[in-house]
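Written out below as structure tokens is the structure these notes cover.
The values are calculated or read from the model by the stated rules, or taken from the named source; none is laboratory data. Everything quoted here is computed from the prediction, not taken from an experiment. Positions of Cβ are backbone-derived with ideal geometry, glycine not excepted, and every protein chain shown enters the neighbour counts. Surface areas here come from the heavy atoms of the whole protein model, side chains and all, with no ligands, DNA or RNA. Shrake-Rupley method; radii C 1.70, N 1.55, O 1.52, S 1.80 Å.
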Amino acid sequence: MRWRGGRRSENVEDRRGARMPMGGGLRIGGGGLLLMLLVLWLLGADPMTLLSMLAGGGGGDVTQVDPRGYETEPTPQAGGARDEQAEFVSVVVGALEDTWGEIFSQAGQRYQPPTLVLFTDVVRSACGMAQSAMGPFYCPLDQKVYIDLGFYRDLRQRFRAPGDFAQAYVIAHEVGHHIQTLLGISQQVQKQRERMSQEMGNQLSVRLELQADCFAGVWAHHAHRSRQLLEEGDVEEGLNAAAAIGDDRLQRQTQGTVVPESFTHGSSAQRVTWFRRGLETGDMNACDTFSAGAS
Ligand SMILES: [Zn+2]
């Protein structure tokens, strides 16, 4: 990918290395205090007194924990990436903003870009706490994409999908979910899922995921047209990544068997098909994965 020198997005929040608001601080510094509170409680102490001790009166490390957590204080200058991988990510996010901004404005609409949050190990989102092992995700409630850059190591080694465009595809897929949220598609699917069986619900979820893949392709198509983003081999990298994280291949890797009814993201072949469709057409309308007969 020709990403160097590209515009860096300002919508990147760097929370790597941030301390968790409660858990981390308590575990490291306040274990003794917690134990003491527990003993006091067992002895019949007033819960309100105990709570006030926890909230600050107890002293020790706990008082240093900001109850609002780090969420209110993202690292200043988060847009100024502090290493190459973070710089890469913010250029990709910038390219996504430019492309989707153009597509929306051509449709007479204003594009509200998502924020990308970099984290390590554990993160608090408006959708709840999340661990790195869950992989990158998009939270519609705060309209943020969350990624632990350690996932790229997994993508290279565990999933055997190396390459910078493979990495960009992962972010583009999550931003695809943001587009679905802006268009109200995710909300519709969510509503329908509440009224159906788990199996039917999973099928709808697959449609949603495949559309996000297709939107990722649409982005790559336009980013290449306007900025010659792609280099020799990039398309193959992206398709390879789409195949590598298909549900069937993941299940075979982790469980040894494949259970199609439990798919929530689609098979490798489906993911490749829809990513390619977006990539080749550059047309969002070609991404109707919900229509009957779409495979
Ligand atoms: Zn997804």
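Observations, loosely collected:
- Among residues of the stretch 144-179, those that are within 17 Å of VAL123 (Cα to Cα) and surrounded by fewer than 17 Cβ atoms within 10 Å (Cβ to Cβ), counted: 1
- Looking only at residues in the stretch 257-278 that are among the β-branched types (Val, Ile, Thr) and farther than 26 Å from ARG225 by Cβ, the one that is nearest to the ligand (Cβ to nearest atom) is THR264.
- Within the stretch 155-187, being more than 16 Å from the ligand (Cβ to nearest atom) and not in a loop (DSSP other than H, G, I, E, B) holds for ARG156, GLN157, ASP164, PHE165.
- Taking (1) among the basic types (Lys, Arg); (2) exposed (fewer than 14 other Cβ atoms within 10 Å of the Cβ); (3) within 16 Å of the ligand (Cβ to nearest atom) in turn, ARG195 satisfies each apart from (3).
- If the condition is being under 17 Å from GLU13 (Cβ atoms) and either assigned to a helix (DSSP H, G or I) or touching a Ser or Thr at 6+ places or on another chain (Cβ under 6 Å) (or both), then the stretch 105-139 contributes ASP121, SER132, CYS139.
- Tally of residues being open to solvent by 20 Å² or more (accessible area, probe 1.4 Å) and either farther than 17 Å from GLY278 by Cβ or not in a helix (DSSP H, G or I) (or both) across the stretch 198-226: 5
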